[in-house]
């Protein structure tokens, strides 16, 4: 039997499509990063009061913008000059990791100039606001941290650590004590989840330097949770939680 010519070999269309899609997404992230860097440069030009290759002597001595020197506290644009770029860690967005460079500005005294970039990027920010919105949405339907991590791992975002997800959720900051009457959930679920905490057990020990240190032991305590459920809107939200000593009646009364 004659062999099939190489030109007639079957083509894996799915693999080709995924390869082309990955290249397109990477190109998109590079373009977004370049546009973001250009916006930062425009903001720096505004703070300095001049564009590239323009001498600072042409800037008015009275010009003051949003920049402020961290060393001398000066806000005069004439004292500031560009100091290259600083590569930041790629910003994680729903499209993937977006690489960008942050322009640096220094003062005449040698100090670094702090610039407000209008909320585009915050100090030490690694996760974009669009990803935070996805995490908040998944947390709003009472998905567990592992479920959220698994769902994000199936997207361009990639899996995030459980500790990172916990910090991003900020459940307590979103609770409203003045909830409107029409927003009261028709169903209220209450339950307790037991965890292990390290606490001082009342005994002391001496370390190598002779200092007294408390001895910690493992104690199991319940986290009492009250969750509101809106079945018609497929909405779930944690309304209240409390760390108790046991699941007795007094602890539940104390919680509510």
Computed E for residue 223/residue 35 - FRET, C-beta separation, R0 51 angstrom, nearest 0.05:
0.70
Output needed: percent of Cα pairs per 10 Å distance bin for region 197-256, bins running from 0 to the one holding the longest distance.
19, 27, 24, 16, 10, 4, 0
Approximate spin-label separation residue 26-residue 184, in nm, with each point projected 7 Å along Cα-to-Cβ:
5.7
With r defined as the distance between the Cβ atoms of residue 42 and residue 206 and R0 fixed at 51 Å, what FRET efficiency is calculated, to the nearest 0.05?
0.25
Taking R0 as 30 Å, what's the FRET efficiency between residue 60 and residue 117 from their Cβ-Cβ distance, rounded to 0.05?
0.80
Sum -39500 (n - 2.57) across every DSSP H segment of at least 4 residues in the chain, then divide by the residue count to get the 222 nm mean residue ellipticity, nearest 500.
-9000 deg cm²/dmol
Along the Cα→Cβ direction, 7 angstrom out, place labels at residue 85 and residue 164. What is the inter-label distance in nm?
2.3
Over the chain, what portion of Cα pair distances is larger than 23 Å, expressed as a whole percent?
72
Report D for region 10-88 in µm² per second (integer): Stokes-Einstein, Kirkwood Rh on Cα pairs, 10 °C, 1.306 mPa s.
100
For the pair residue 17/residue 124, report the inter-label distance in nm, with labels modelled 7 Å from Cα in the Cβ direction.
4.3
List the equivalent ellipsoid semi-axes of region 126-256 in whole Å, largest first, each obtained as the square root of 5λ for an eigenvalue λ of the Cα gyration tensor.
33, 24, 12
Computed from the mean reciprocal separation of all distinct C-alpha pairs, what Kirkwood hydrodynamic radius does region 127-174 have, in Å?
10.6
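Every number here is computed from the coordinates shown, using simple stated rules; none is lab data. Small disclaimer: the values here were computed from a predicted structure and weren't measured. We place every Cβ from the backbone using ideal geometry, glycine too, and count neighbours over all the protein chains shown.
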